[in-house]
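A.B. asks: I have a structure here, written as structure tokens, and I will follow up with some questions on it.
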Amino acid sequence: MERFGPVIVDRPAPAVDRVARAQPDLWSQAAARYERTGGESGQWIIRGEVPPEWSVRRGALVFELKCTPLGQVGLFPEQAANWPWLRASIESPPARAPTAQGLRVLNLFAYTGASTLAAALGGAEVVHVDAAKNVVAWTRRNAALSGLADRPIRWIVEDAVKFCKRELRRGARYDAVILDPPSYGHGPRGEVWRLSRHLERLLALLAELTGRQPRFVLLTCHTPGYDAPRLGRMIEAALAGAPGRAEGETLVLRSADGRTMPAGVAVRWRLASDG
Ligand SMILES: C[S@@+](CC[C@H](N)C(=O)[O-])C[C@H]1O[C@@H](n2cnc3c(N)ncnc32)[C@H](O)[C@@H]1O
């Protein structure tokens, strides 16, 4: 059970399937409950006041939320742990001169854009890539709600791997990379993304796009079997000895009374000379 602003939702979370409810009486307060009907699909059962869209603010960022068919609401709150790190990494004195517009950051599998907006807030020029057109349109509304509509953000609806290959052919270069790859997904023309099969290749493309000297790489992941040390080793292998260090962290959702629920991992790689 989670509260997003005025709306309380009750959603399946495999990480806590076997954990007893601490306060069973509270659960009837959920205005919307997502029930799985099989596999990844399911449906919302609306029991209370749930507007078609509502918004929440986190610091300077404002997000439009809504109950989506896949049981999400448009924000992964566990990602908030990355935003101060992102801003600090972008704002810290550069090891080498960024472009006149600021650091060029590529954000892949960018969803509704929280990391894009956090990076833009820090002064970066961001290329935001996601396969879903409606999700990219949603992010642009989040940018406008957050007062960031005029920031240098390029919005791309494309398959992540295909986009990276095309950028390489065009000679594009990036200073830093953010990626939040799902276990399984597909591009706008049905291109299949399977993390277990494609992540290594994608990291190799990203290493090329950053000249093997990215200012930082932020990789988050929710795929079973891919813990932070394993992902850190994959980044280091792709960057082939670049002077940097990967730090891993388990992402968590925290309850008001201090309990935590694991919600994926973050690996933060930073160029050593950036301190
Ligand atoms: C943010 S990721 C996954 C989030 C979270 N880590 C998880 O595992 O549930 C989901 C996003 O990736 C996008 N996506 C999936 N396959 C893609 C692909 N091949 N290329 C670009 N974006 C893709 C989806 O449209 C969606 O917005």
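The values are calculated or read from the model by the stated rules, or taken from the named source; none is laboratory data. All figures in this text were calculated on a predicted structure; none of them were measured in a lab. Quick reminder, even Gly has a Cβ in these numbers, built from the backbone with ideal geometry, and neighbours come from all protein chains shown. Areas reflect the complete protein model, heavy atoms only, side chains present, ligands, DNA and RNA absent. Shrake-Rupley method; radii C 1.70, N 1.55, O 1.52, S 1.80 Å.
A.B. asks: Sort the stretch 1-117 into rounded, prolate or oblate with this rule: let a ≥ b ≥ c be the square roots of the eigenvalues of the Cα gyration tensor; rounded if a/c is under 1.5, and if a/c is not under 1.5, prolate when a/b is larger than b/c, oblate otherwise.
C.D. replies: prolate
A.B. asks: If you count the DSSP beta bridges with both ends in the stretch 2-57, what percent of them are antiparallel, to the nearest 5?
C.D. replies: Details: 9 of 11 bridges.
Around 80 percent antiparallel, to the nearest 5.
A.B. asks: Suppose every K and R has +1 on its Cβ and every D and E has -1 on its Cβ; what is the size of the dipole of the chain about the Cα centre, in Debye to the nearest 20?
C.D. replies: Details: 37 positive and 28 negative charges, 119 e Å.
Result for the chain is approximately 580 debye, rounded to the nearest 20.
A.B. asks: Using Cα pairs under 8 angstrom and six or more residues apart, how large is the relative contact order of the stretch 189-275, in percent?
C.D. replies: 34 percent
A.B. asks: Please state the relative contact order of the chain as a whole percent: Cα pairs under 8 Å, 6+ residues apart?
C.D. replies: That works out to 13 percent.
A.B. asks: Taking K and R as +1 and D and E as -1, what net charge do the other residues with C-beta under 13 Å from the C-beta of Arg169 add up to?
C.D. replies: +3
A.B. asks: Indicate, rounded to the nearest 5 percent, the antiparallel portion of the DSSP beta bridges found entirely in the stretch 22-153. Let's see the in-between values first.
C.D. replies: Working: 12 of 18 bridges.
For the stretch 22-153, the DSSP antiparallel bridge percentage is about 65.
A.B. asks: Next up: Check the straight Cα-Cα distances from Lys133 and name the lysines below 18 Å, setting aside those fewer than 8 residues away within the same chain.
C.D. replies: Reachable lysines: Lys66, Lys162.
A.B. asks: Please report the antiparallel percentage of the DSSP beta bridges confined to the chain, to the nearest 5.
C.D. replies: So the antiparallel bridges in the chain amount to around 65 percent.
A.B. asks: Accessible surface of His198 in the full protein assembly, 1.4 angstrom probe, to the nearest 10 Å²?
C.D. replies: Approximately 40 Å² of His198 is accessible to the 1.4 Å probe.
A.B. asks: Continuing with the same structure: Can you give the Rg/Rh ratio of the chain, where Rg is from the C-alpha atoms and Rh is the Kirkwood radius?
C.D. replies: Using only Cα positions, Rg/Rh for the chain is 0.96.
A.B. asks: The stretch 100-226: Rg/Rh from Cα coordinates, Kirkwood Rh?
C.D. replies: With Rh from the inverse mean 1/r over Cα pairs, Rg/Rh is 0.94.
A.B. asks: Based only on Cα atoms, what mean projected area does the convex hull of the stretch 108-147 have, in nm²?
C.D. replies: 2.5 nm²
A.B. asks: Would you mind getting the Kirkwood hydrodynamic radius of the stretch 2-57 from its Cα pairs, rounded to one decimal in Å? Let's see the in-between values first.
C.D. replies: Working: mean 1/r = 0.0795 Å⁻¹.
Across the stretch 2-57, the inverse of the average 1/r is 12.6 Å.
A.B. asks: For Arg151, Arg3, Arg215, Arg18, give me the order by solvent-accessible area with a 1.4 Å probe, most accessible first, ignoring ligands, DNA and RNA.
C.D. replies: Working: Arg151 90, Arg3 155, Arg215 15, Arg18 230 Å².
Largest accessible area first, the list is Arg18, Arg3, Arg151, Arg215.
A.B. asks: A follow-up question, please. Normalized C-alpha radius of gyration of the stretch 153-211, against 2.2 N^0.38 Å?
C.D. replies: 1.10
A.B. asks: Let me check I've understood the local charge: for Asp17, count other residues with C-beta under 13 angstrom from its C-beta, Lys and Arg +1, Asp and Glu -1. What total comes out?
C.D. replies: +4
A.B. asks: If DNA, RNA and ligands are ignored and the probe is 1.4 Å, what is the ranking of Tyr226, Tyr184, Tyr34 by accessible area, most exposed first? List each step's numbers first, then the result.
C.D. replies: On the way: Tyr226 30, Tyr184 120, Tyr34 10 Å².
So the residues, ranked largest to smallest area, are Tyr184, Tyr226, Tyr34.
A.B. asks: Something else about it: Normalised by the residues of the stretch 2-57, what does the relative contact order come to in percent, with Cα pairs under 8 Å and at least six apart? Mind dumping the intermediate values first?
C.D. replies: Working: 61 pairs, mean separation 18.7, N = 56.
Over the stretch 2-57, the number comes to 33 percent.
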